[in-house]
Amino acid sequence: MSTIEVTTNGYKPGLEGVVAAETKLSHVDGLKGELIIGGYPVEELASRASFEETVYLLWNGVLPTVDELTTFRTKLAALRTLPDAANELIHSLLPYRLPVMDVLRIVAGVADVDQPQADARQRASCLLARLPTIVATYWRLRNQQTVIQPDPTLNHAANYLYMVSGQRPDAASERGLETYLNTVIDHGLNASTFAARVIIATQTDLTSAIVGAIGALKGPLHGGAPGPALEMVFEIGSADRAEPIIREKLERGERLMGFGHRIYKVRDPRAEVLSQAAAKMFQTSGDTHLYLLAKEVEAVAIRLLEEYKPGRNLQTNVEFYTALLLHGLGMETELFTPTFAIARAGGWIAHCFEQLETGRLIRPQSKYVGKVMNSVR
Ligand code: ACO
């Protein structure tokens, strides 16, 4: 037995601090708590643009003119209907009662099967347009409800709410969802976006990259946190129970979902945008109880995280208010991460376009820490 001399210096577990891409799509400043999307601060873009405008911005580098926006909207709306293969696959998966994210990952792989000759832009529009249809179709079938066909007169956000609930949303709900989708559409080199860039950099097809990204997003350390974050608020139930319950969780070594971030060491700016959007929605519906409780829980959680993990700067991340906002829109917790995927797909695709332009395969090195044997016998 002998050892291999280490030739790979600079190993960074989790690639922390490593810059692995250049991008014009978004910039995250974790110390200042700033997020720029397509050149605009998230606070400016999220609550004012439609989702289609933000996608257009990321895919083309500029906001669309009125005519360009109409053309893009019409194109997406015309592509929403799933091909037969996707519908049949959804039906065949029903007996397994799979989580929605698993079905999204599986069916996304055949979402553009009817477009074999399409160029990358057409496939991109097709995938973006159809992810909401996959989620809503499976959701309703699994809940023994009739499937709602897409309504081409509605925009992307409103149509998704309509296909899930069967109700055409009011203006406040539509705006609430658009703000959410815009807020989370892109976020630097997060795990799922990195996964998409690694996959597309092999010059494979866009669908493969999106399927891989969906798989990465569904993990609880990435996009899977908002459901548990809301469950914690429900479990707490009233402000006086926040401290004992959170303390107990931290004593047990549990992680508080919706808190902490690899990059942000101050409050995630997206949390503020979504908190404001949620406040508006809850005020409109006249039910501010949950919103106020969440605020109390947030304050106690941050105080106790500092007590149990001093100096770690664990602050509220995007998932905490995602949960509240999507709950306010009438969504059940299992739809939170699929809705995140529907938004982030706009960013994944933009990153794929950007990565392909570099023409560069992503292939880092590993540091071998195993043994070397001289003989197998
Ligand atoms: N609750 C309790 N403790 C935490 C939390 C938390 N939410 N987050 C980090 N810590 C602790 C860790 O246990 C660790 O403590 P230790 O040093 O005593 O072992 C320390 O803080 C540092 O944690 P790391 O895991 O090194 O931090 P990392 O940068 O890898 O973690 C992550 C980032 C995964 C998001 C983490 O904060 C976490 O697990 N949060 C909860 C899950 C969550 O909200 N995920 C959504 C993230 S946002 C997004 O992806 C869209």
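Quick one: 3J(HN,Hα) in Hz for the stretch 321-335, Karplus 6.51/-1.76/1.60 with θ = phi - 60°, rounded, Gly and Pro as x.
7, 4, 4, 5, 5, 5, 4, x, 7, x, 8, 7, 4, 5, 8
Per the helix-only calculation at 222 nm, which mean residue ellipticity applies to the chain, given -39500 (n - 2.57) for every DSSP H run of n ≥ 4 and division by its residues, nearest 500 deg cm²/dmol?
After summing the helix terms and dividing by the residues of the chain, the value is -17500 deg cm²/dmol.
Ordered by residue, what ³J(HN,Hα) values in Hz, to whole numbers, does the stretch 297-314 give under the Karplus form 6.51 cos²θ - 1.76 cosθ + 1.60, where θ = phi - 60° and Gly and Pro are x?
4, 4, 4, 5, 4, 5, 5, 6, 4, 5, 5, 8, 10, x, x, 7, 6, 7
What are the residues whose amide H is under 5 Å from the amide H of Thr23, where those residues sit 5 or more places off or on another chain and H is modelled from the backbone?
Result for Thr23 returns nothing.
Order 144-157, 364-377, 344-357 from most to least packed using the mean count of other Cβ atoms within 10 Å.
344-357, 144-157, 364-377
Pop out the ³J(HN,Hα) list for the stretch 169-177 in order, Karplus 6.51 cos²θ - 1.76 cosθ + 1.60 with θ = phi - 60°, rounded to Hz; leave Gly and Pro as x.
Along the stretch 169-177, the couplings run x, 6, 4, 5, 5, 4, 5, x, 6 Hz.
Please sort by residue number the chymotrypsin sites (Phe, Trp or Tyr not before Pro) in the stretch 1-104 whose DSSP state is loop and whose Cβ has at most 14 other Cβ atoms within 10 Å.
Tyr11
Given H placed on each backbone N at 1.01 Å, which residues far from Glu34 in sequence or on other chains put an amide H within less than 5 Å of it?
Asp29
Could you order Ile106, Ile342 so the one with the most accessible surface comes first? Probe is 1.4 Å.
Output order, biggest surface exposure first: Ile106, Ile342.
Counting alpha carbon pairs within less than 8 Å and at least 6 residues apart, what relative contact order, in whole percent, applies to the chain?
26 percent
So which aspartates and glutamates can Lys280 reach, going by Cα to Cα under 20 Å and dropping same-chain residues fewer than 8 places off?
Counting by Cα, and skipping residues close in sequence, Lys280 has these aspartates and glutamates nearby: Glu43, Glu44, Asp170, Glu174, Glu178, Asp268, Glu272, Glu296, Glu298, Glu319, Glu332.
What's the center-to-center distance, using Cα atoms, between the stretch 312-360 and the stretch 40-118 in Å?
What the calculation gives is 14 Å, centre to centre.
Out of the DSSP beta bridges found with both residues in the chain, what percent are antiparallel (nearest 5)?
Values: 8 of 9 bridges.
Around 90 percent of the beta bridges assigned by DSSP in the chain are antiparallel ones.
The values are calculated or read from the model by the stated rules, or taken from the named source; none is laboratory data. It should be emphasised that the depicted structure is a prediction, and the values quoted were computed from it without experimental measurement. Positions of Cβ are backbone-derived with ideal geometry, glycine not excepted, and every protein chain shown enters the neighbour counts. Ligands, DNA and RNA are excluded from the accessible area calculation, which covers all protein heavy atoms including side chains. Shrake-Rupley method; radii C 1.70, N 1.55, O 1.52, S 1.80 Å.
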